[in-house]
Amino acid sequence: QVELVESGGGSVQAGGSLRLSCTASGYIYSAYCMGWFRQAPEKGRERVARIDTVGGTRYADSVKGRFTISRDNAKNTLLLQMSSLKPEDTAMYYCATIWCVSDNVHKWGQGTQVTVSS
């Protein structure tokens, strides 16, 4: 079984920073692409960032330059460093494993809440 557990969410003031972590278990972590998604109330789920098996990254335009996705295969973790946070970044953030070729999500984590106040 694949299990993803997020941590690091919380409440911060606009302009602040947070680092989200996702620990994966139950599969060979390095075989998957990984991603961070978010969903705000009454909004659809959007992909924030993706990282492939060799460290290549893609970002949503809305977070480019502010967020950094990384992975530590030795620790079986995925990270999202978020800086210069804005109120519009407020959302539930989800970690996911992704089938690299199809770019389809394989497994979702439970999510961690990020709230940015102005």
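Quickly run through the stretch 50-79 and pick out the residues that are of a type in the set (Ser, Thr, Tyr) and at pLDDT 95 or above.
Listed by number, the residues that qualify are Thr57, Tyr59, Ser62, Thr68, Ser70.
Among (1) under 18 Å from Leu18 (Cα atoms); (2) open to solvent by less than 40 Å² (accessible area, probe 1.4 Å), where does Gln39 come up short?
Every listed condition holds for Gln39 apart from (2).
May I ask you to verify whether Ala40 is within 20 Å of Gln13 (Cα to Cα), without any contact (Cβ under 8 Å) to a residue 60 or more places away in the chain and aliphatic (A, V, I, L, M)?
yes
Hey, could you check the stretch 47-81 for residues that are within 10 Å of the chain's Cα centre (by Cα) and in contact (Cβ under 8 Å) with a residue 40 or more places away in the chain and say which is surrounded by the most Cβ atoms within 10 Å (Cβ to Cβ)?
The qualifying residue surrounded by the most Cβ atoms within 10 Å (Cβ to Cβ) is Leu78.
Looking at (1) free of Cβ contacts under 8 Å to residues at least 60 places away in the same chain; (2) out of contact with any Lys or Arg (no Cβ under 8 Å at 6 or more places or on another chain), which is the only condition Ala24 fails?
Status for Ala24: all satisfied but (1).
If we scan the stretch 4-19, do we find a residue that is of a type in the set (D, E, K, R) and crowded, with 16+ Cβ neighbours inside 10 Å?
There is at least one residue in the stretch 4-19 that is of a type in the set (D, E, K, R) and crowded, with 16+ Cβ neighbours inside 10 Å.
Within the stretch 14-38, work out how many residues are touching a strand residue (DSSP E or B) at 6+ places or on another chain (Cβ under 7 Å), over 16 Å from Phe67 (Cα atoms) and of a type outside the set (A, V, I, L, M).
Residues that pass the stated criteria total 5.
Among the residues of the stretch 82-118, what is the count of those that are open to solvent by 50 Å² or more (accessible area, probe 1.4 Å), among the polar types (S, T, N, Q) and not in a strand (DSSP E or B)?
Qualifying residue count, the stretch 82-118: 4.
When you check Gly44 against the structure, is it part of a loop (DSSP other than H, G, I, E, B) and either closer than 18 Å to Val105 by Cα or in contact with a Cys (Cβ under 9 Å, 6 or more places away or on another chain) (or both), yes or no?
So Gly44 fits the description; yes.
The values are calculated or read from the model by the stated rules, or taken from the named source; none is laboratory data. Keep in mind that what you see is a predicted model, and the values were worked out from it rather than measured. Virtual Cβ from ideal backbone geometry, glycine too; neighbours counted across all protein chains shown. We work out accessible area using only protein heavy atoms, side chains counted, and drop any ligands, DNA or RNA first. Shrake-Rupley method; radii C 1.70, N 1.55, O 1.52, S 1.80 Å.
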